[in-house]
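The values are calculated or read from the model by the stated rules, or taken from the named source; none is laboratory data. Given the structure is predicted, the values throughout are model-derived calculations rather than measurements. Note: ideal-geometry Cβ built from the backbone for every residue, glycine included; neighbour counts use all protein chains shown. Just the protein is used for accessible areas: all its heavy atoms, side chains included, with ligands, DNA and RNA removed. Shrake-Rupley method; radii C 1.70, N 1.55, O 1.52, S 1.80 Å.
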Amino acid sequence: MIDFTDRVVLITGAAGGIGSATAETIVARGGKVVIHDVRRDGRLGDLQERLGDSAHAVAADLTVLNDVVALWEQAVAWQGGVDVLINNAGIYERAAVDAPLDEWQAAWDRMVAICLTAPATLCREAIKFFRGHGGGIIVNLASRAAWRGEDADYMHYAATKAGVVAMTKTIARQFGRDGVTAYAVAAGFVDTPFNTALVQEYGIDFFANDTGLGEVAQPQDLANVIVFLASGLARHATGATIDVNGASYVR
């Protein structure tokens, strides 16, 4: 049922586990992907090589708004348009309450820039484009932290993800009649390189035991849901946030 033939999808943070799994799944279903990360080499370069002509890699620093806008413009220019935006990029860096104020503020500023302002800017660009080109789809990566909060050193992460959820609802309510549908995916712990440091610190069983399934999610578990929402088959679910956390948090 899912077919991305003749469709172009922009995926931020595509070098990571969830982003690369999503890109590979979309290409396997006939789509083309603009894959983004902060650098074109390394894992993004490897992904580009695996996907070949079906992918176009673009590097951009999401803390620089001009670079964020340029990312959208390059994505549109590649094939003449973008049909789906997937805001997947993110960071998970500590901001301890007891840290010096300048360090704490710098951590908050960086988190907000990458996890909220950059996705909002891309949503802005996408909405403007979609309104003049028959509509489009936005999928924003949120987190269970938007609902349950997060550990003390990650208040800023939870705050940005709650903002992503509220932004997604607003887009769905205000731009649906322009053909724009928007969804959020609230992930729990996912076994990706993004979380390697946490696994090394606590062990994988610590996170598995927190779920109702007794196991942690793999990148493909998230990719399956993201791709379904991006497919256009869930039009009347616009505005919804889909939880993918193994019942570690049920609302």
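Taken together, V76, V69, V112, V82 contain a single residue that is touching a Ser or Thr at 6+ places or on another chain (Cβ under 7 Å) and within 26 Å of G179 (Cα to Cα), which is V69.
Every listed requirement among (1) farther than 30 Å from G80 by Cβ; (2) assigned to a helix (DSSP H, G or I) is met by M167 save one, (1).
Have a look at A186, A223, A172, A197 and point out the one that is small (G, A, S), in a strand (DSSP E or B) and either over 17 Å from R148 (Cβ atoms) or open to solvent by less than 20 Å² (accessible area, probe 1.4 Å) (or both). Testing whether each residue is small (G, A, S), in a strand (DSSP E or B) and either over 17 Å from R148 (Cβ atoms) or open to solvent by less than 20 Å² (accessible area, probe 1.4 Å) (or both) leaves just A186.
Per-residue answers, yes or no, for (1) of a type in the set (A, V, I, L, M); (2) under 30 Å from H236 (Cα atoms):
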site: Q79; (1), (2): no, yes
site: I91; (1), (2): yes, no
site: A99; (1), (2): yes, no
site: A107; (1), (2): yes, no
site: A146; (1), (2): yes, yes
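Answer yes or no: is there a residue in the stretch 151-158 that is assigned to a helix (DSSP H, G or I), touching a residue at least 60 places away in the same chain (Cβ under 8 Å) and open to solvent by 60 Å² or more (accessible area, probe 1.4 Å). Yes; the residues of the stretch 151-158 include at least one that is assigned to a helix (DSSP H, G or I), touching a residue at least 60 places away in the same chain (Cβ under 8 Å) and open to solvent by 60 Å² or more (accessible area, probe 1.4 Å). When the stretch 1-23 is limited to residues that are touching a Lys or Arg at 6+ places or on another chain (Cβ under 8 Å) and touching a residue at least 60 places away in the same chain (Cβ under 8 Å), the one that is nearest to I138 (Cα to Cα) turns out to be V9. Restricting the search to the stretch 1-56, which residues are assigned to a loop (DSSP other than H, G, I, E, B), polar (S, T, N, Q) and within 17 Å of N88 (Cβ to Cβ)? The one that is assigned to a loop (DSSP other than H, G, I, E, B), polar (S, T, N, Q) and within 17 Å of N88 (Cβ to Cβ): T12. Kindly indicate whether R124 is open to solvent by 20 Å² or more (accessible area, probe 1.4 Å), touching a residue at least 24 places away in the same chain (Cβ under 8 Å) and among the charged types (D, E, K, R). Judged against the criteria, R124 is not a match. Is one or more of the residues making up the stretch 94-101 over 28 Å from Y154 (Cβ atoms), among the small types (G, A, S) and either in contact (Cβ under 8 Å) with a residue 24 or more places away in the chain or open to solvent by less than 30 Å² (accessible area, probe 1.4 Å) (or both)? There is no residue in the stretch 94-101 that is over 28 Å from Y154 (Cβ atoms), among the small types (G, A, S) and either in contact (Cβ under 8 Å) with a residue 24 or more places away in the chain or open to solvent by less than 30 Å² (accessible area, probe 1.4 Å) (or both). Kindly list the number of the only condition in (1) more than 23 Å from T25 (Cβ to Cβ); (2) open to solvent by 60 Å² or more (accessible area, probe 1.4 Å); (3) not in a helix (DSSP H, G or I) that fails for L213. It is condition (1) that L213 fails. Here the condition is being without any contact (Cβ under 8 Å) to a residue 40 or more places away in the chain and either touching a Lys or Arg at 6+ places or on another chain (Cβ under 8 Å) or surrounded by 13 or more Cβ atoms within 10 Å (Cβ to Cβ) (or both); of L71, L51, L85, L62, it holds for L51 alone. Can you tell me which residues in the stretch 127-145 are crowded, with 24+ Cβ neighbours inside 10 Å and touching a Lys or Arg at 6+ places or on another chain (Cβ under 8 Å)? Within the stretch 127-145, A142, S143 qualify.
Within the stretch 160-169, being of a type in the set (A, V, I, L, M, F, W, C) and either open to solvent by less than 20 Å² (accessible area, probe 1.4 Å) or in contact (Cβ under 8 Å) with a residue 12 or more places away in the chain (or both) holds for A162, V164, V165, M167.
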